[in-house]
Amino acid sequence: MHQATSAPPISYYDYIIIGGGTAGCPLATTLSQKATVLILERGGSPYGNPNITDLAAFGKALSDLSPSSPSQRFISEEGVINARARVLGGGSCLNAGFYTRADSQYVRAAGWDGRLVNESYGWVEKMVAFEPPILRWQAAVRDGLLEAGVSPYNGFTYDHLLGTKVGGTIFDGDGRRHTAADLLRFANPKGLTVMLHATVHKVLFRIKGKKRPLAHGVVFRDASGIKHGAYLNSGPKNEIIISAGALGSPQLLMLSGIGPLDHLKAHNISMVLDQPLVGQGMSDNPMNAIFVPSPSPVEVSLIQVVGITQFGSYIEAASGEPFVAMPAEKDFGMFSPKIGQLSTLPPKQRTPEALSQAIESMKALDPAVFRARQRVDVVGAVLQGYCDDNLALSWGCQVGRVVDADYRVVGVDGLRVVDGSTFIYSPGTNPQATVMMLGRYMGVKIMQERVKGGKVE
Ligand SMILES: Cc1cc2nc3c(=O)[nH]c(=O)nc-3n(C[C@H](O)[C@H](O)[C@H](O)COP(=O)(O)OP(=O)(O)OC[C@H]3O[C@@H](n4cnc5c(N)ncnc54)[C@H](O)[C@@H]3O)c2cc1C
């Protein structure tokens with residue numbers, strides 16, 4: 001890993017991957033086996049940051065609003081406060097860690113090769129997925145779901161099956177997070193260069209003399225604002241791959257001149273391709289949070305048990321004080337206003353003033369009072385038809401609309417998008433397993449095209 005300030009003004013690679021996130025890391029690891037690969041990641045390293053690595057610190061990175069935070073807050077048009085990653089490893093450095101495969105129907109509908117999908121999941125799971133220890137709270141959730149009829153009980157499995165199950169987690173037995181960045185350890189060091197704090201501003205196209213625009217390089221800026229160029233080595237198989245996430249990928253296409261013409265014009269961007277569907281189809285999965293006050297402390301757990309119901313809803317649970325309040329540190333966790341959650345108000349009323357007011361009044365509360373108050377919040381929220389975001393998903397470069405079945409950007413050459421932005425809907429209860437799988441899967445496919453049937457390690 002290098003800081004982009006040390007990057008040469010111009011460099012050449014076989015593949016340039018924009019975004020070292022949940023999909024970008026497994027993709028780069030795979031491509032580096034037989035080609036030279038550059039990852040350009042706008043954030044820093046996740047290593048040595050306990051807010052990322054420690055399970056008990058969950059939520060802290062999300063409440064860090066500093067410019068160097070691994071998490072960047074944004075607000076949707078509906079007013080829902082949300083977060084996107086800004087760190088090597090991407091969303092896998094911020095998320096709740098739940099690891100579960102896609103619904104097999106989703107795999108079929110996506111037209112993926114089922115055998116390679118299973119191999120790719122297996123490759124990811126060997127390195128970053130674990131069986132969680134089921135303690136009292138999660139065991140109670142499991143038993144409660146079964147009692148409520150979310151059956152059968154499928155035990156511990158990564159598979160998406162109707163009923164109740166224990167899923168995987170990217171936290172190991174010591175509560176340490178294993179992110180997509182860990183997959184880079186299996187890369188070919190001679191083939192891979194990782195640039196940190198390298199923000200890509202534009203993909204460059206050759207247009208003259210070409211049937212279609214051909215992507216051939218990128219412009220990125222380092223932490224001091226200095227511009228660098230990275231270009232593809234000559235060769236018909238070399239490519240630029242955007243893995244900048246649900247917001248970053250469509251944004252970068254537009255900054256590079258691929259998007260709805262009117263929108264590009266409004267921002268003074270020269271058009272490369274009028275593509276009205278870039279950035280369209282964004283959606284969040286709605287989430288209703290219900291707080292269950294406990295008279296005695298319960299273990300800290302992130303998502304471990306899930307109920308997959310006949311009617312299409314998923315029921316998940318987390319526990320322990322970090323999720324609501326950490327009185328000792330006067331800090332607040334997963335569902336706190338510190339990370340933009342404020343269940344008593346509809347999204348549009350969750351202004352910065354309302355959030356800081358809520359933080360101040362929660363700080364002043366005695367923990368016992370706080371537990372009692374949660375019950376009131378839940379009732380109020382449900383009565384208002386409260387609907388919150390799941391902080392996780394949206395799409396903007398969908399397959400069949402912006403990219404084709406091989407994840408190539410339609411209408412140009414030498415450019416693909418591989419990440420969660422290509423999903424049409426949620427591939428199961430939670431997406432990260434499938435995002436990592438897709439990185440590996442597409443890495444293998446691209447390498448097979450390159451070496452014509454050769455084996456990919
Ligand atoms: C709070 C939270 C909790 C979640 N919980 C779960 C969970 O428990 N289980 C689960 O399965 N999923 C969960 N998710 C969802 C999951 O983490 C994401 O769907 C997944 O990480 C998205 O992967 P991605 O590769 O599409 O994007 P990302 O992982 O976000 O990667 C995109 C990368 O591109 C970089 N980038 C963007 N623009 C540029 C640019 N211009 N130049 C250079 N780099 C750029 C970003 O910094 C980032 O590192 C959660 C998400 C959040 C935010």
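The values are calculated or read from the model by the stated rules, or taken from the named source; none is laboratory data. No experiment lies behind these values; they were computed from the predicted model shown. Here the Cβ positions follow ideal geometry from the backbone for every residue, glycine too, while neighbour counts run over all protein chains shown. The accessibility values were calculated without ligands, DNA or RNA, using every heavy atom of the protein model including side chains. Shrake-Rupley method; radii C 1.70, N 1.55, O 1.52, S 1.80 Å.
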* Asked: For labels at Ala140 and Asp54 in the simple 7 Å Cα→Cβ model, what's the distance in nm?
  -> 2.5 nm
* **Rounded percent of accessible protein surface that carbon and sulfur make up, the chain, 1.4 Å probe** => 55 percent
* Probe 1.4 Å, accessible area per residue of the chain, Å² -> 44 Å²
* **the chain: C-alpha gyration tensor shape, a/c 1.5 cut-off, then a/b vs b/c** => prolate
* Structure fact -> Measure of exposure for Arg212: accessible area at 1.4 Å probe, Å² rounded to 10, is 90 Å²
* To do: Beta carbons within 10 angstrom, averaged per residue: use that to sort the peptides 228-234, 352-358, 444-450, 265-271, highest first.
  => 444-450, 228-234, 352-358, 265-271
* Structure fact -> Gyration tensor on Cα atoms of the stretch 111-161, a ≥ b ≥ c root eigenvalues, a/c under 1.5 rounded, else prolate if a/b beats b/c, else oblate, says oblate
* Counting only C-alpha contacts under 8 Å and six or more residues apart, can you give the relative contact order of the chain as a whole percent? => 25 percent
* Enumerate the amide H contacts of Ile17 below 5 Å, restricted to partners 5 or more residues apart or on another chain; note that Pro and chain-start residues carry no placed amide H. => Leu38, Ile39, Leu40, Ile241
* To do: Determine which lysines satisfy two conditions relative to Lys348: a Cα distance under 21 Å, and not lying fewer than 8 residues away in the same chain.
  => Lys338
* Structure fact -> Of the listed pairs Lys34/Lys126; Lys210/Lys445; Lys265/Lys445; Lys210/Lys452, those with alpha carbons more than 30 Å apart are Lys265/Lys445
* Could you work out how far apart the two model spin labels at Arg221 and Tyr47 are, taking each label as a point 7 Å from the Cα in the direction of the beta carbon, and quote it in nm? => 2.9 nm
* **the chain - charge dipole about Cα centre, Lys and Arg +1 at Cβ, Asp and Glu -1, debye rounded to 20** => 1520 debye
* In nm, what is the difference between 0.36 nm times the number of residues separating Glu77 and Ala289 and their Cα-Cα distance? -> 74.2 nm
* Asked: If you keep only loop residues by DSSP, which GluC sites (Glu not before Pro) in the stretch 59-156 have at most 15 other Cβ atoms within 10 Å of their Cβ?
  -> Glu77, Glu78
* Asked: Which value in nm describes the separation of the simple spin-label points at Glu299 and Ser151, placed 7 Å from the Cα toward the beta carbon?
  -> 2.5 nm
* Relative contact order of the stretch 1-148, defined on C-alpha pairs under 8 angstrom at six or more residues apart (%) -> 17 percent
* Roughly how many Å is it from the Cα centre of the stretch 166-228 to that of the stretch 274-300, as a whole number? -> 26 Å
* Structure fact -> By the C-alpha gyration tensor axes a ≥ b ≥ c (rounded if a/c is under 1.5, else prolate when a/b exceeds b/c, else oblate), the shape of the stretch 171-262 is prolate
* Potential lengthening between Gln310 and Lys190 on full extension [0.36 nm per residue; Cα-Cα distance subtracted] -> 38.3 nm
